[in-house]
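To start, the structure itself, in structure tokens.
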Amino acid sequence: MKVNFLDLKSQYHSIKAEIDQAISAVLEKSAFASGPFVKAFEENFARAHGTKYCVGVNSGTAALHAALMALEIKAGDEVLVPANTFFATPEAVSLTGATPVFVDCEPHYYNIDPDAIEAAITEKTKMIIPVHLYGQPAQMDKMMVIAQKHNLLVVEDCAQAHMATSNGKSVGTFGICGCFSFYPGKNLGAYGEGGAIVTDDEDLCRKLRMIRDHGMAQKYHHDLIGHNYRLEGLQGAILDVKLKHLDEWTTVRRINADIYRRLLSDCSEVNTPAEMPDARHVYHLFVIRTKERDELQKYLGEHEIGTGIHYPIPCHLQKAYAFLSYNAGDMPTTEEYADDILSLPMSEQLKEHEIEHVCSMIKEFFANHH
Ligand SMILES: *Cc1c(COP(=O)(O)O)cnc(C)c1O
């Protein structure tokens, strides 16, 4: 039996009529760049996260970069980021000319370790970017206390955590803003690229709308240096259709995670993800850990089970950051986990019998290798 890591085609077929209708509505109106479909989606996405404003942009990376530009992060500033994240988080910092300062993850939930943050703060530190990695909120209560004490801005990287909550509060609403990605494989995925920033701050919203459109508030009046970060009309219309299904899809992801955990509970070689108390983990990824990761991944691949590694090389050890002179051993937990983590198939399209098959193949691997 073949089990895909992700099945975007089945998802499309489950909502085909609605999607096809939304696409032709955009074509009929020819509202291709920003416009009414983007505006409608922004309103609904803001409502879904309980924020006043949402600004659609054309990727999660653009969302982070625009937020940092709007908050005037610049050369000479330091921004704290987790070492355990996708490269776009520190990359957005570097795009402003500022310096990313990496912080190790804590061992249970994979997110930035709040207890390691204070040691990384200097007089140049301006901001913390917590990432809600794999779909689980970072420890925001602790983070906000530290941020307030040191007068630091907090911008949340919510690219993997649409509609995740901590103590009932949505990710993206703890800091000054939250940045989302709608890359096709994300929990809410465009049919192309997309991103958004949610915020309650009216000034920030106004500035973000200008930055995404060449610094204009009024046509051809450029008040600041921006970018072309506009969200396409087609993506806005598609995302608006998918947003209606997101809560239900998230529930299915959570049920699938429970099935995995139950079936793997007697497999001592495998560590399954833990949920923080009071967190709604949205399982963008279902990440296990095992000391025989490479062999297990190869075995599953030979049996047509798709897996991934998120991420194999920690950010501070990437070639692009060689100039920051980090060394192996600087972020011990992140580095140890990079060799052990394996992402199993996860989506709302995944069926119980497929999860059973994946788990029985994992158990078969360990039975034959010990
Ligand atoms: C996907 C992702 C991004 C970047 O989003 P894009 O839409 O691909 O630009 C940023 N941060 C994290 C944690 C991500 O997973």
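For region 35-51, filtering for residues that are part of a loop (DSSP other than H, G, I, E, B), in contact with a helix residue (DSSP H, G or I) (Cβ under 7 Å, 6 or more places away or on another chain) and under 14 Å from ALA196 (Cβ atoms) leaves 0.
To keep it simple, each residue is scored yes or no on (1) within 16 Å of the ligand (Cβ to nearest atom); (2) outside any strand (DSSP E or B); (3) surrounded by 16 or more Cβ atoms within 10 Å (Cβ to Cβ).
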| residue | (1), (2), (3) |
| --- | --- |
| GLN235 | yes, yes, yes |
| LEU239 | yes, yes, yes |
| THR251 | no, yes, no |
| ILE255 | no, yes, no |
| LEU263 | no, yes, yes |
| ALA274 | no, yes, no |
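Of the strands (runs of 3 or more DSSP E) entirely within region 52-166, those holding at least 1 residues that are over 22 Å from LEU317 (Cβ atoms) occupy 53-57, 125-128, 153-157.
Taking the stated definitions as given, is GLY178 on the phi < 0 side of the Ramachandran plot and assigned to a strand (DSSP E or B)? It is true that GLY178 is on the phi < 0 side of the Ramachandran plot and assigned to a strand (DSSP E or B).
Only one entry of THR96, THR173, THR122 meets the criterion of being surrounded by fewer than 24 Cβ atoms within 10 Å (Cβ to Cβ), within 16 Å of the ligand (Cβ to nearest atom) and over 21 Å from HIS245 (Cβ atoms), and that entry is THR96. Of all the criteria given as (1) over 17 Å from ILE112 (Cα atoms); (2) touching a strand residue (DSSP E or B) at 6+ places or on another chain (Cβ under 8 Å); (3) assigned to a loop (DSSP other than H, G, I, E, B), the one not satisfied by ILE288 is (3).
Taken across region 193-206, residues that are near the ligand (Cβ under 10 Å from one of its atoms), farther than 17 Å from ALA62 by Cα and free of Cβ contacts under 8 Å to residues at least 40 places away in the same chain do not occur at all.
Residues in region 30-69 that are within 15 Å of the ligand (Cβ to nearest atom), within 21 Å of LEU246 (Cβ to Cβ) and of a type in the set (Val, Ile, Thr): VAL55, VAL57.
Values in this text are rule-based calculations from the coordinates and carry no lab data. If you're wondering where the values come from, they're calculated on a predicted model, not measured in any experiment. We place every Cβ from the backbone using ideal geometry, glycine too, and count neighbours over all the protein chains shown.
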